[in-house]
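This report concerns only the one structure given below.
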């Protein structure tokens, strides 16, 4: 079992709809969770982080964390064509003092005008 | 503020050649990382340096060496390049900030080994 799993997609949504991206992780002791956006040919950029159960909202983005079920999700409201990118889920595994993250393979989101 | 700077941006090597990928950050971060990204494989950690003077292996260290030259610079060396090392390489840095942190990535090095 991979440590961080995401559906590779593509996830296709119409402009203005809500895009829902999901991620599951294997380490029950994981504490910190991140969503990165990566445009084609570019480097990943951090868009959200969450470490407490529940929802965290930032503009059109909402991150949701459920530690009991070991999943984290990202909702993008009012999706725009400029949101079309690959979204990477990253998890800081438990144990150790380092800040290394384990990344999922990413979900490709395509927002149709 | 440049963030994380990687050089070169593109490189073509012949099998068996060696090269060093350079990375420097100006954010005074303690931790630095080297990842490779391959289609369908996601980002995989090669080596990391939790602080100046320390380095540790990640998930896929074989065929690579690293040097944490000082707090700012973390280099990745391929001693004898192989076609399997064709990939996009990303350097990143991070700092602990009230228990939350994120990586800042460089722009990447696209390496082709022929």
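Computed from the coordinates by the stated procedures, all read-outs in this text should not be read as laboratory data. Remember, it's a predicted structure, so these values are computed and weren't measured experimentally. So basically every Cβ, Gly included, is an ideal-geometry build from the backbone, and we count neighbours across all protein chains shown.
What does chain B give for Rg and for Dmax, in Å, if only its C-alpha atoms count?
13.5, 46
Relative contact order of chain B, please, whole-number percent, based on alpha carbon pairs below 8 angstrom and at least 6 residues apart.
Numbers: 291 pairs, mean separation 40.1, N = 114.
Dividing the mean separation by the residue count of chain B yields 35 percent.
Quick one: check the C-alpha center-to-center distance for region A:9-44 versus region A:47-74, whole angstrom.
Each part reduced to its Cα centre gives a spacing of 11 Å.
Please list A:65-74, B:8-17 highest first by mean number of surrounding beta-carbon atoms within 10 Å per residue. The partial results should precede the final answer.
Working: A:65-74: 16.3, B:8-17: 12.0.
Per-residue mean Cβ counts within 10 Å order the peptides as A:65-74, B:8-17.
How far apart, in nm, are the 7 Å Cα→Cβ label points at residue B:41 and residue B:9?
A separation of 2.4 nm, rounded to one decimal place.
Run the numbers on chain A and let me know its relative contact order in percent, using alpha-carbon pairs under 8 Å that are six or more apart. Walk me through the numbers on the way to the answer.
Values: 285 pairs, mean separation 42.3, N = 113.
Normalised by residue count, the contact order of chain A is 37 percent.
How do B:19, A:48, B:32, B:41 line up, fewest other C-beta atoms within 10 Å first? List each step's numbers first, then the result.
Working: B:19 15, A:48 20, B:32 28, B:41 12.
In increasing order of surrounding Cβ atoms, one gets B:41, B:19, A:48, B:32.
Could you work out the mean count of beta carbons from other protein chains within 10 Å of each residue's beta carbon in B:30-41?
On the way: counts 2, 3, 0, 4, 0, 4, 0, 7, 1, 1, 3, 2.
For peptide B:30-41, the averaged partner shielding equals 2.
How high is the relative contact order of region A:62-113, given as a whole-number percent (alpha carbon pairs under 8 Å, six or more residues apart)?
On the way: 63 pairs, mean separation 17.3, N = 52.
Contact order relative to length: 33 percent.
Sorted from largest down, what three extents in whole angstroms do the Cα atoms of chain A have along their principal axes?
Largest to smallest, the principal-axis extents are 45, 29, 23 Å.
Measuring from centroid to centroid over Cα atoms, what is the spacing of region B:4-25 and region B:28-56 in Å?
15
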